[in-house]
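Here's the structure, in structure tokens; my notes come after.
The values are calculated or read from the model by the stated rules, or taken from the named source; none is laboratory data. Everything numeric in this text was worked out from a predicted model, so none of it was measured. For neighbour counting, all protein chains shown are included, and Cβ atoms are generated from backbone atoms with ideal geometry for every residue, glycine included. Side chains are part of the model used for accessible areas, which takes the heavy atoms of the whole protein and leaves out ligands, DNA and RNA. Shrake-Rupley method; radii C 1.70, N 1.55, O 1.52, S 1.80 Å.
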Amino acid sequence: MDQVKKGLEGVVALDTQISFIDGVQGILRYRGIEIEKLADLSYDAVSYLLIYGKIPDAGELKPFSMELIKERDVHPHLLDMLKFCDFEHEFLDALRTAISVCAHFDEDLNDISEQANVRKAIRLIARFPTLVAAFYRMANGLEVISPDPSLSHGANFLYMLRGALPTALEAQAMEKDFILSAEHELNPSTFALRITASTLSDMHSAVISGLCTLKGSLHGGAREGVMDMLDDIGSADNIAAYVQEHLEHKQRIMGFGHRVYKTYDPRARIYRDIAMQVATEKGKSHWFDLAREIESVMYHEMVENKHKPIYPNVDFYSGVLYKDLDIPSYMATSIFAIGRISGWIAHFMEQYADNRVIRPRAHFV
Ligand code: SDX
């Protein structure tokens, strides 16, 4: 029997056509196209690319977007049912519960045919923003805002959150955020989803596996950790002490390091640019400037202590962007999920087509 690889580090578990990562060069491609080339498309177009394997032409994109827009609404009874949630502390849990409840109202729930899976995929992609924005409104005692069919996925999310139209740059930033969060090969939540799909369980169950896994602070929960870390550090003169103390106690600094990228996460670079643009538009660069300083201190401290640099990952500058969009940290992982859902759907479809149960071995000790 093979040697155990802790955390399956370096283990190649399956073939995929969905994405490619080169952790040494810092390259990420969705369906063979560099992430840098995709970041300026719409989230609808990138979701189509991930699921169907090609960038849609106008004739393909329009009906796909229309389908998504048609499915944005959620039943008001569903939101009433969730009033018991303590959203400040259970925001992602509420999303997981909501998807569980949605499953019971979905007549396609246990129909695992391709047509039913496509219908369920549209409903899930369309409703994540509506649910997350509604929870925010309910958490703050505000009236829930219905989706606006004239707005893009990103603009509509900010509109439902605030009850006011976002600026063009803010809407563009949200679209980029969803695109950059959409897909990342066999990360923990996607792999959990594929294991569930590999037994031919249904799409809602697989997505819930993904949500439960994404919640962890070492994975999707890191974005919230970055936002809280920025608050804890507060100003540049506290950075060195904060970093040194964490490193001394072998505590991880949120938003840095990656199992695959041993260089700059290409997504972090794109997030850094859009976060800077939003900070500039708002005339408030405190959080962005603090983040830049943290990055520099982390680099030097790690080179000094561990003789190897460490770089920001996808969660670092996205945390800065959310702060400058006035998004509370307890929403961060759920917003990550709004982006990730289309990558999860693509992997679900690919796993169903693969039709092989994922079942590794364990070494008895
Ligand atoms: C995501 O896999 C994906 O693709 C995930 C993701 C996606 O798109 O789905 O990219 C999203 O989850 C990004 C990662 C978000 N998590 C965080 O930001 C939490 C902080 N990061 C660390 O927990 C860590 O970097 C991991 C979990 C991301 C990766 O850990 P590894 O590959 O298991 O690395 P490791 O724990 O073996 O660390 C190697 C060394 C250790 O030092 P030594 O024990 O060798 O002395 O580097 C150190 C670690 O202590 N280290 C850190 C660190 N990350 C690694 N030290 C301080 N702060 C950190 N963030």
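Observations on the structure shown:
- Helices (runs of 4 or more DSSP H) contained entirely in the range 156-245, each with at least 3 residues that are open to solvent by 50 Å² or more (accessible area, probe 1.4 Å) and over 28 Å from Ala45 (Cα atoms): 222-233
- The lone exception for Tyr30 - which of (1) away from the ligand (no atom under 15 Å from the Cβ); (2) out of contact with any Lys or Arg (no Cβ under 7 Å at 6 or more places or on another chain) it fails: (1)
- Among the residues of the range 11-31, those that are within 20 Å of the chain's Cα centre (by Cα), open to solvent by less than 70 Å² (accessible area, probe 1.4 Å) and within 28 Å of Pro360 (Cβ to Cβ) comprise Thr16, Ile18, Ser19, Ile21, Asp22, Gly23, Ile27, Leu28, Arg29, Tyr30, Arg31.
- Residues (open to solvent by 20 Å² or more (accessible area, probe 1.4 Å) and touching a Phe, Trp or Tyr at 6+ places or on another chain (Cβ under 9 Å)) located in the range 52-64: Tyr52, Lys54, Ile55, Glu60, Leu61
- Residues that are part of a loop (DSSP other than H, G, I, E, B) and buried (at least 24 other Cβ atoms within 10 Å of the Cβ) occur in the range 298-313; there is at least one.
- Count of residues meeting criterion [within 16 Å of the ligand (Cβ to nearest atom) and touching a Ser or Thr at 6+ places or on another chain (Cβ under 7 Å)] in the range 207-225: 11
- Any hit, the range 250-263, residues being farther than 21 Å from Asp289 by Cβ and either hydrophobic (A, V, I, L, M, F, W, C) or within 13 Å of the chain's Cα centre (by Cα) (or both): yes
- Number of the exception - Ile179 against (1) away from the ligand (no atom under 16 Å from the Cβ); (2) at negative phi; (3) not assigned by the TED database to the domain that holds His258: (1)
- Qualifying residue in the range 226-242 (condition: of a type in the set (Val, Ile, Thr) and within 8 Å of the ligand (Cβ to nearest atom)): yes
- Within the range 1-32, tally of residues that are modelled with pLDDT under 95 and under 18 Å from Ile55 (Cα atoms): 0
- Helices (runs of 4 or more DSSP H) lying entirely in the range 74-153 (those with 3 or more residues that are surrounded by 15 or more Cβ atoms within 10 Å (Cβ to Cβ)): 87-104, 114-139
- Count - residues of the range 33-56 that are of a type in the set (A, V, I, L, M), touching a Lys or Arg at 6+ places or on another chain (Cβ under 6 Å) and in a loop (DSSP other than H, G, I, E, B): 1
- Leading residue by the ranking (most open to solvent (accessible area, probe 1.4 Å)) among those in the range 246-286 that are among the basic types (Lys, Arg) and under 11 Å from Pro312 (Cβ atoms): Arg269
- Hey, Ile310 under 21 Å from Leu247 (Cα atoms) and either near the ligand (Cβ under 10 Å from one of its atoms) or outside the structural domain of Asp237 (by the TED database) (or both) or not: yes
- Considering Asp289, Asp324, Asp354, the condition of being buried (at least 21 other Cβ atoms within 10 Å of the Cβ), away from the ligand (no atom under 16 Å from the Cβ) and either free of Cβ contacts under 8 Å to residues at least 60 places away in the same chain or over 24 Å from the mean Cα position of the chain (by Cα) (or both) is satisfied by Asp324 alone.
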